[in-house]
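Here is the structure we will look at.
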Amino acid sequence: VQLQASGGRLVQAGGSLRLSCVVSGRTASRVTIAWFRQAPGKERAFVSGIRWSGGTIYYSDSVKGRFTISRDNAKNTVYLQMNSLKPEDTAVYYCAVGNVITSATMRPQAYHYWGQGTLVTVSS
């Protein structure tokens, strides 16, 4: 399984970005695809996730109401629409795939495959 994340760039506070994660290779139908982010000097943190089958969606409290995750089954792609961006959203954003139980959705250790990361910088 390979993941290719893209879409990160420099944006002003209050702006919007859409990240994409293309998933290739064979995955189990009950996987979760998630976005994590890691700011300099901080641990990798869960942002949002979506179950490929059924579409259950999860958000961290810090992005709820501002970010929207979605999927395009035909393109094997998951998107993260980020609105009302803040300087504290600055981080490298990673997408990840795993056969994850609900209680472990927000744990990086539960995911088996990771993309290379895409840098989002929000200027104040």
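Computed with a 1.4 Å probe over protein heavy atoms only, the accessible surface of the chain comes to 52 Å² per residue.
Enclosing the Cα atoms of segment 1-98 in their convex hull gives a volume equal to 94 cubic angstrom per residue.
If you plug the beta carbon distance of S6 and D61 into 1/(1 + (r/R0)^6) with R0 = 35 Å, you get a FRET efficiency near 0.85. Straight Cα distances below 18 angstrom link K42 to the lysines K86, with same-chain residues fewer than 8 positions distant left out. Taking Cα centroids, how far is segment 16-87 from segment 94-123 in Å? That distance is 8 Å. Taking all protein chains together, T56, T105 sort by accessible area into T56, T105, largest first [probe 1.4 Å].
For segment 20-124, the share of accessible area belonging to carbon and sulfur comes to 49 percent (1.4 Å probe, ligands and nucleic acids excluded).
The values are calculated or read from the model by the stated rules, or taken from the named source; none is laboratory data. Computed from a predicted model, the values in this text were never measured in an experiment. Neighbour counts are summed over all protein chains in view; Cβ atoms, including those assigned to glycine, are modelled from backbone coordinates with ideal geometry. With ligands, DNA and RNA removed, areas are computed over all heavy atoms of the protein, side chains included. Shrake-Rupley method; radii C 1.70, N 1.55, O 1.52, S 1.80 Å.
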